[in-house]
Number of protein chains: 2
Amino acid sequence: VTRRVTVKELGEFELIARIERWARSAFPARHRHVALGIGDDAAVLRPPGGHDLVVTTDAAVEGVHFRFDHESAATAGRRAMVANLSDLAAMGARPLAFTLALTLPAETPVERVRGLVRGVLREAAAAGCPLVGGNVARGGEISMSITAHGSVPRGSALRRSAGRARDHLMVTGALGRSALERYRGRVRSVPVPRLAAGQALARMSGAQACIDLSDGLVADAGHLARASGVRAVIDVARVPRPRGFERACRAAGASAEDLLLGGGEDFELLFSVRPGAGGAAALSRRLGVEVTEIGWLEPGAGVGVLGASQNRDVEAGWRHF
Amino acid sequence: VTRRVTVKELGEFELIARIERWARSAFPARHRHVALGIGDDAAVLRPPGGHDLVVTTDAAVEGVHFRFDHESAATAGRRAMVANLSDLAAMGARPLAFTLALTLPAETPVERVRGLVRGVLREAAAAGCPLVGGNVARGGEISMSITAHGSVPRGSALRRSAGRARDHLMVTGALGRSALERYRGRVRSVPVPRLAAGQALARMSGAQACIDLSDGLVADAGHLARASGVRAVIDVARVPRPRGFERACRAAGASAEDLLLGGGEDFELLFSVRPGAGGAAALSRRLGVEVTEIGWLEPGAGVGVLGASQNRDVEAGWRHF
């Protein structure tokens, strides 16, 4: 029984051996793009010929990105992996492999590490993205730094900067669920990284700028607008939300509008398409996920929000802090 | 004057903007293997055609891997980057690009972050390995997780597992300096990652297993031996050391033998060559760095140490903790 064993009692090398074992059970088969996995000075990947390599790093820190009184270790691990996979999705990339750098206080129960790592591995396995290496270090708090690798056909990565005035602004799925759960202090759902949709977008000729919604709709629209040198306009009424969302927000005492526009970690894709590229229905079929048109790009800077109960426009010079 | 400004006062986005600026001054030119650098959801790399991708992750945590009362922020940053570059060297890889995930307490002075990041960038620039992305998160302590990417001609990565009985065991440079500095509590030197030597080794036909010395000579010889399914034998008298090392150790009250065999972070390469592959002098010329023969591989398991003042043999089942 390992329930109360701490990582200090287990020791670094045995902990690494266990993580390897968990990874082997999550990825029983050899992966054709991994020439050498865990256990050497570095991993060796063999991306498909003619592809560019896409690389993203994201960290999740206890008390900042996740709290064990709000969510299980497995959910925290799953969400950390999804954040990285979502960045690959937003580039139109197919996942290849990832590395994991853990810092752990010496007293961390091994069972908790197991929950976190198995959560990470569960989402990685669903995406076909094996663990190929990493690092375990002692630290004052639990943190997970994930670096995910993917590939796209050469030159076809979806950039934030490709938006143009008159493009339609589209979003996948529905927003607000993660923010409402955080507001309530009970995080249970794990967003789906839109990998297939991102890859389909990267193959489309009319698709333009793309970003995943991690900071919140208005904030991320601002990133896209700034990178593209345009202004984004969003119509609140059109922003897709889960069924019964307003009622659930009222019950929780939260503002649905705040959560839809400002809540982060939906991990849906926000993207722009040229005027003739097809409407939401055609895009939904093409991307295999519900797509909603929520606004447009126009000359200017910043983000304009239509139909909000208060002014939520964001000017060009705006910053989070 | 930014001397006393904290990262909280500066704000996340302005901190990221500064890191981008520091990176641009460290890497003024566009890098031909970087299609898209900092600023999107992910970076896009374009490794040379016909090459495998080599990936390594390493973390450096304040109080565990570095201490500001022992070394400057710049030295801590340089050493963190060297640890990663050294892993690429040990695979025979040429550096491509890296990502950096920082966690910082809110009260961290920006000047300290600047020292760390510029230290990281200085070593990265020397290796031609640009910063292409990363993450900044609030945390209870300073930590840097670096993921370094390199490439090797397809199939030619140097693996730990390629050693065979009768191979000669060789080491680059001299050992013990980092351990002595840590012992004295004044860390000033920054090891040189043996990138050119590793790449030259990967091109040599008689070169076999390779590992970089991060944990210490006996520990790392043990990793190599275990991966190769052989026993490593090391002759203490042959282990290369800096000029005046014994005297400096005596003056500090340290055991030279302890530091040579057990001290880590020398970041020299330990590798094996087939019996006919040439002696140390020929290898020194070929690798462009002093090479010393320190022992051999033989059938069996574990590590045997000849000529030590006490038994330092390590048996097959041995672990660090």
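The values are calculated or read from the model by the stated rules, or taken from the named source; none is laboratory data. Since the model is a prediction, treat every value here as computed from it, not as a measurement. All Cβ positions, glycine included, derive from the backbone under ideal geometry; neighbour counts span all protein chains shown. Ligands, DNA and RNA are excluded from the accessible area calculation, which covers all protein heavy atoms including side chains. Shrake-Rupley method; radii C 1.70, N 1.55, O 1.52, S 1.80 Å.
Tabulated values for the structure
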read-out: Residue count for segment A:105-144, restricted to those that are of a type in the set (A, V, I, L, M), more than 17 Å from A:Ser72 (Cβ to Cβ) and touching a residue at least 24 places away in the same chain (Cβ under 8 Å); value: 8
read-out: Inter-residue pairs, beta-carbon under 7 Å, first closer than 15 Å to B:Glu257 by Cα and in segment B:171-184, second among the aromatic types (Phe, Trp, Tyr), 6+ apart; value: B:Gly176/B:Phe245
read-out: Residue within segment B:6-28 that is over 26 Å from the mean Cα position of the chain (by Cα), modelled with pLDDT under 90, open to solvent by 30 Å² or more (accessible area, probe 1.4 Å) and not acidic (Asp, Glu) present; value: yes
read-out: Output for segment A:107-130, where each listed residue is farther than 16 Å from A:Leu96 by Cβ and of a type in the set (Gly, Ala, Ser); value: A:Gly115, A:Gly119
read-out: Test set (1) under 30 Å from B:Ile142 (Cα atoms); (2) in contact with a Pro (Cβ under 9 Å, 6 or more places away or on another chain) - A:Leu175 fails condition number; value: (1)
read-out: Failed criterion for A:Glu246 (all others in (1) surrounded by fewer than 18 Cβ atoms within 10 Å (Cβ to Cβ); (2) of a type in the set (Asp, Glu); (3) under 14 Å from A:Leu169 (Cα atoms) hold); value: (3)
read-out: Count - residues of segment B:84-99 that are of a type outside the set (Asp, Glu) and open to solvent by 10 Å² or more (accessible area, probe 1.4 Å); value: 2
read-out: All positions within segment A:33-43 that are more than 7 Å from chain B (Cβ to nearest Cβ) and among the hydrophobic types (A, V, I, L, M, F, W, C); value: A:Val34, A:Ile38
read-out: Test: residue in segment A:202-216 that is of a type outside the set (Lys, Arg) and either within 14 Å of A:Gly304 (Cα to Cα) or in contact with a Cys (Cβ under 8 Å, 6 or more places away or on another chain) (or both); value: no
read-out: Filter pass, A:Glu123 being acidic (Asp, Glu) and at pLDDT below 95; value: no
read-out: Evaluation of A:Gly244 against (1) at pLDDT 95 or above; (2) within 22 Å of A:Leu283 (Cα to Cα) (one fails), failing number; value: (2)
read-out: Qualifying residue in segment A:103-120 (condition: modelled with pLDDT of 95 or more and more than 19 Å from A:Ile16 (Cα to Cα)); value: no
read-out: Helices (runs of 4 or more DSSP H) fully within segment A:100-218 counting 3 or more residues that are within 14 Å of chain B (Cβ to nearest Cβ) and surrounded by 20 or more Cβ atoms within 10 Å (Cβ to Cβ); value: A:195-203
read-out: Residues that are more than 8 Å from chain B (Cβ to nearest Cβ), open to solvent by less than 40 Å² (accessible area, probe 1.4 Å), of a type in the set (D, E, K, R) and not in a helix (DSSP H, G or I), drawn from segment A:44-83; value: A:Glu71
read-out: Enumeration of residues in segment B:219-232 that are more than 21 Å from B:Asp58 (Cβ to Cβ), open to solvent by less than 40 Å² (accessible area, probe 1.4 Å) and not in a strand (DSSP E or B); value: B:Ala225, B:Ser228, B:Val230
read-out: Condition met for B:Gly288 (under 18 Å from B:Ala174 (Cβ atoms) and in contact with an Asp or Glu (Cβ under 9 Å, 6 or more places away or on another chain)); value: no
read-out: Qualifying residue in segment B:182-191 (condition: over 30 Å from B:Thr108 (Cβ atoms), in contact with a Lys or Arg (Cβ under 6 Å, 6 or more places away or on another chain) and not charged (D, E, K, R)); value: no
